[in-house]
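Computed from the coordinates by the stated procedures, all read-outs in this text should not be read as laboratory data. Remember, predicted model here, so these are calculated numbers, not experimental data. When we count neighbours, we look across all protein chains shown, and the Cβ atoms used for this are built from the backbone with ideal geometry, even at glycine.
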Amino acid sequence: MAPEGGGTGKRGRGRPAGSRSGTPETRDRILAAAREEFSARGYDKTSIRSIAKSAGVDSSLVHHYFGAKEQIFAASIELSFEPAFGVPDVLAAGPEGVGERLARFFVAIWENPVSRAPMLAILRSAVTNDAAASVLRGIVLRRLLERVASELKVPEPRLRAELAGAQMIGIAMMRYVIRIEPLASADLEEVVALVAPTLQRYLTDPGPVTG
């Protein structure tokens with residue numbers, strides 16, 4: 001069967017081949033394929049052609065819906081990091097116990113293989129590719145850190161939001177990517193108990209964030 005959107009009929013100026021046959025379901029299929037490709041191959045080794053092949057569509061449809069590789073990578077990040085974008089809701093419940101709630105929230109995301117795999121793949125891509133890092137930085141800043149900072153009632157809210165994020169991402173890298181012991185096999189309740197006070201201080205203590 002020929003890829004969807006691969007017809008050879010005449011088309012109007014500026015209209016990508018096959019765009020008429022595209023549907024919302026097609027777009028979702030392309031996005032799911034892109035996330036799988038970026039997760040399995042990384043940013044550098046993933047191409048528009050490989051995404052199209054995985055989705056069973058013509059490359060022109062990928063360009064039609066998402067443009068260049070950077071744009072579909074950005075859409076993949078939005079999809080992969082969707083669970084993490086609930087952090088501001090965790091903070092909105094109030095300052096009491098927010099450190100523990102945030103620690104448990106992130107641990108639940110990283111312990112779930114469905115949400116962990118694509119998030120780690122995106123992080124690996126960002127570490128090795130400047131374009132991927134720029135896209136990730138922009139989305140995390142806009143969708144996560146700025147919203148977290150807006151909920152904080154302490155001095156230097158942006159810095160504190162970034163410190164809390166760095167704490168949790170660092171733990172994720174050490175526990176799930178590098179797998180350094182004893183953290184890699186530590187009991188989750190122990191990890192939460194040790195991390196929660198630091199997060200609580202970052203997010204609620206009006207004193208200096210260092211020292």
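The calculated FRET efficiency for the pair L141 and A32, based on their C-beta separation and a Förster distance of 25 Å, comes to about 0.50. Taking the longest Cα principal axis of the chain as reference, the axis of helix 113-128 is set at about 80 degrees.
Note on E70 and S150: the model spin-label points, each 7 Å out from Cα along the C-beta direction, lie 2.5 nm apart. For Cα extents along the principal axes in Å, the choices are (i) 79, 30, 29; (ii) 67, 35, 28; (iii) 50, 38, 33; which was calculated from the structure? Looking at Cα extents along the principal axes in Å for this model, the match is (ii). List the relative contact order of the stretch 24-91 as a percent without decimals, with contacts defined as Cα pairs under 8 Å and 6+ residues apart. So the answer I get is 34 percent.
Amide H to amide H distances under 5 Å link V57 with E4, where only residues 5 or more positions off or on other chains count and H is placed in the peptide plane.
Summing charges over all other residues whose Cβ lies under 13 Å from the Cβ of E151, with Lys and Arg as +1 and Asp and Glu as -1, gives +3. Rounded to the nearest 10 degrees, the inclination of helix 130-140 to the longest alpha-carbon principal axis of the chain is 60 degrees. Under the criterion of Cα pairs below 8 Å and six or more residues apart, the relative contact order for the chain equals 21 percent. The HN-Hα couplings worked out from phi for the stretch 67-79 by the Karplus form 6.51 cos²θ - 1.76 cosθ + 1.60 (θ = phi - 60°) are x, 7, 4, 4, 5, 6, 5, 4, 5, 5, 4, 4, 6 Hz, whole numbers, x standing for Gly and Pro.
As a proxy for reagent exposure, R137, R101, R201 were ordered by neighbouring Cβ count within 10 angstrom, fewest first; the result is R137, R201, R101.
Each part gets one Cα centre, and for the stretch 34-111 versus the stretch 113-175 those centres are 12 Å apart. Magnitude of the charge dipole for the stretch 19-67, about its Cα centre and with charges confined to Cβ atoms of Lys, Arg (+1) and Asp, Glu (-1), is about 80 debye.
Taking the C-alpha atoms only, the angle from helix 24-45 to the longest principal axis of the chain is near 70 degrees.
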